[in-house]
Amino acid sequence: MSDVIIDVQNVSKAFGGVKANTDVSMQVRRGGITGLIGPNGSGKTTLFNSIVGYHPIDGGSIRFEGQEISRMKVQQIARLGLLRTFQQTRIYGAMNCVENMLISLPHRKMSLWDALKTNTREDYEKADQLLDFVGLYEKRYLMSGDLSFGQQKLLEFAMALMNEPTCLLLDEPTAGINPTLINGLIDRLKRANEEFGITLFVIEHNMRVIMNLAESIYCLAHGQMLAHGSPDDIQNNQDVIDAYLGAH
C-alpha cells in the first residue's frame, strides 16, 4: 500500500475568468496530519472542494488510494472513505446531538426520519461513544442549534467520525471557536489520527494550531503552490513569510 493517500497533480480550476487553482501538485501522506495554509483567496477551499468532488477540475489529476476520483460525484468519493468538514457547520439545528450523529450515517436515498428508524442499538452506542470522545456526551440530548459555535464544530467532527473515514479534510476547524476550546480540539484531532488511524488534511489560519498539529505543511498563494515542508521549514521560508506569515 502506497504511503500517499491523496495525490494531486497539476490541478487547475477557474470560475469564469478567475483562476482559483493553477497547476497545483501536492501529496498527503497516509496516516499523517498535513496542513494547508495561505492568504485569503489563495485557493485553499477550492482545492478541498475539488478533492471531494464539489468542483469538477479543469485539468490535472486527483487520486485517492491510487484511484482517479476527479470525475466522481461527492457521494461516490465519500463512500471511498474521503470526507470533509466546512468552515460553517452543517448540522441539523432542530435535532438533538444523538439524532445528528445517527442521521450522518450513510442511509442511501432515505428521508431523514426513515433513516432514523433504521438505526440499531450499536449505532446508538457508537454515537454516544463518539459524543463522549469530543466532550459532548452530557449534551447529547440538547438541540444542536442550542450549542455554541465551537460545540457545533465538535459535533460536526463527531458526525464525520461516525462514518469511519479513511481520510478527513478539515476546513479551518478552530475558526470561531472560543480559545478555551482550542487546545481540547487539537488534542481530539491528534487522538483521532493516532487512535482511529484517520489521515487528516487541515486548512488552518491559526499558526499556533497548525504548527503544533501538522507534520507537513503546504502553502498556497494566488492559487499556486508556494512552498512545502516541515513546520520549521515553513516558518523560516522567506517566500512564505513575505506572502503570508508576515501578516500574522
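Annotations for the structure displayed:
- Mean Cα-pair separation over length for the stretch 1-141, i.e. relative contact order, pairs under 8 Å, 6 or more apart, %: 19
- Full extension of the chain segment joining Ser2 with Arg29 gains 8.8 nm, where the gain is 0.36 nm per residue of separation less the Cα-Cα distance.
- At an R0 of 22 angstrom, the distance between the Cβ atoms of Tyr54 and Phe149 translates into a FRET efficiency of 0.45.
- Nitroxide proxy distance, nm - points 7 Å out along Cα→Cβ at Met207 and Tyr92: 4.2
- The GluC sites (Glu not before Pro) found in the stretch 113-218 that occupy coil by DSSP, while having at most 15 further C-beta atoms within 10 Å, are Glu215.
- Over the stretch 90-164, relative contact order from alpha-carbon pairs under 8 Å, at least 6 apart, %: 48
- Reachable lysines from Lys139, criterion Cα separation under 21 angstrom, eight or more residues apart if same chain: Lys126, Lys153
- Over the chain, volume per residue of the alpha carbon convex hull, in Å³: 132
- Where trypsin sites (Lys or Arg not before Pro) fall in DSSP loop in the stretch 166-248, at most 14 other Cβ within 10 Å: none
- Loop sites in the stretch 60-89: trypsin sites (Lys or Arg not before Pro), DSSP, at most 14 other Cβ within 10 Å: Arg71, Lys73
- Taking the DSSP beta bridges with both ends in the chain, the antiparallel portion is around 55 percent.
- Across the chain, the relative contact order, built from alpha-carbon pairs under 8 Å that are at least six residues apart, equals 26 percent.
- Cα pair count fraction exceeding 15 Å, expressed as % - the stretch 90-164: 46
- A full extension of the chain between Ser61 and Asp128 corresponds to an added length of 20.2 nm, given 0.36 nm per residue minus the alpha carbon distance.
- Near Val11, once Lys and Arg are set to +1 and Asp and Glu to -1 for all other residues with Cβ below 14 Å from its Cβ, the sum equals +1.
- With the simple model of a label 7 Å out from the Cα in the direction of the Cβ, Arg121 to Asn40 spans 5.2 nm.
- Listed residue (Asn119, Phe196, Leu131) projecting farthest to the positive dipole end of the stretch 117-248, Cβ model: Asn119
Every number here is computed from the coordinates shown, using simple stated rules; none is lab data. Since the model is a prediction, treat every value here as computed from it, not as a measurement. Note that we place each Cβ from the backbone using ideal geometry, even for glycine, and neighbour counts take in every protein chain shown.
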